[in-house]
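The values are calculated or read from the model by the stated rules, or taken from the named source; none is laboratory data. Computed from a prediction, not measured in an experiment: that's the story for all the values here. Every residue, glycine among them, receives a Cβ derived from its backbone with ideal geometry; neighbour counts consider all protein chains shown.
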Amino acid sequence: MQDRRPSPLRIRHPVGIALSLATMLALSGCAAVSAPACAAGEQRAVSEWMVFGGAKPDGVVSASEWNAFLQDTVTPRFPQGFTAWPASGQWRGADGHVIREPSYVLSLVYAADDRSDARAQAVVSEYKTRFQQEAVLRVRSPACMSF
């Protein structure tokens, strides 16, 4: 007698098919992004945006405090350069509440190696400690760089 139960791997529902296709496309996109083809004269790098919240328990991180942080913490770790600008944003804290606050964005491009990543993590750790922050958003992407 033949078993007529549907195969557990067979997806019959249209939503399931769409979800499966979306998952496959997303995973294939991740694979393509992870290994950029750099041109001659370029090297593999990491492009990273860090978003630092400006609210702190006793007020906000002032422009002079931010500039001192850049000078004391970021510049020694990334002397090749970086770009930074003020912003405003919102995020959901660990307690579930949405927090709107002034922010600062730091854009870095650095060699794709463990040492550089450790320097980036040190920047995040110092900011969290110095300004009593719960989190700093890091968005990292593979890139190619040249000077």
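Among the candidates 57, 79, the residue that is more than 20 Å from the chain's Cα centre (by Cα), surrounded by fewer than 16 Cβ atoms within 10 Å (Cβ to Cβ) and closer than 14 Å to residue 123 by Cα is uniquely 79. Is one or more of the residues making up segment 7-25 in a strand (DSSP E or B) and either touching a helix residue (DSSP H, G or I) at 6+ places or on another chain (Cβ under 7 Å) or modelled with pLDDT of 95 or more (or both)? Scanning segment 7-25, I find no residue that is in a strand (DSSP E or B) and either touching a helix residue (DSSP H, G or I) at 6+ places or on another chain (Cβ under 7 Å) or modelled with pLDDT of 95 or more (or both), so the answer is no. The selection criterion, being loosely packed, with under 11 Cβ neighbours inside 10 Å, over 15 Å from the mean Cα position of the chain (by Cα), within 17 Å of residue 44 (Cα to Cα) and not aromatic (Phe, Trp, Tyr), holds for residue 146. Based on this model, can you work out whether residue 94 counts as of a type outside the set (Asp, Glu), closer than 19 Å to residue 46 by Cα and either in contact with a Leu (Cβ under 9 Å, 6 or more places away or on another chain) or free of Cβ contacts under 8 Å to residues at least 60 places away in the same chain (or both)? It is false that residue 94 is of a type outside the set (Asp, Glu), closer than 19 Å to residue 46 by Cα and either in contact with a Leu (Cβ under 9 Å, 6 or more places away or on another chain) or free of Cβ contacts under 8 Å to residues at least 60 places away in the same chain (or both).
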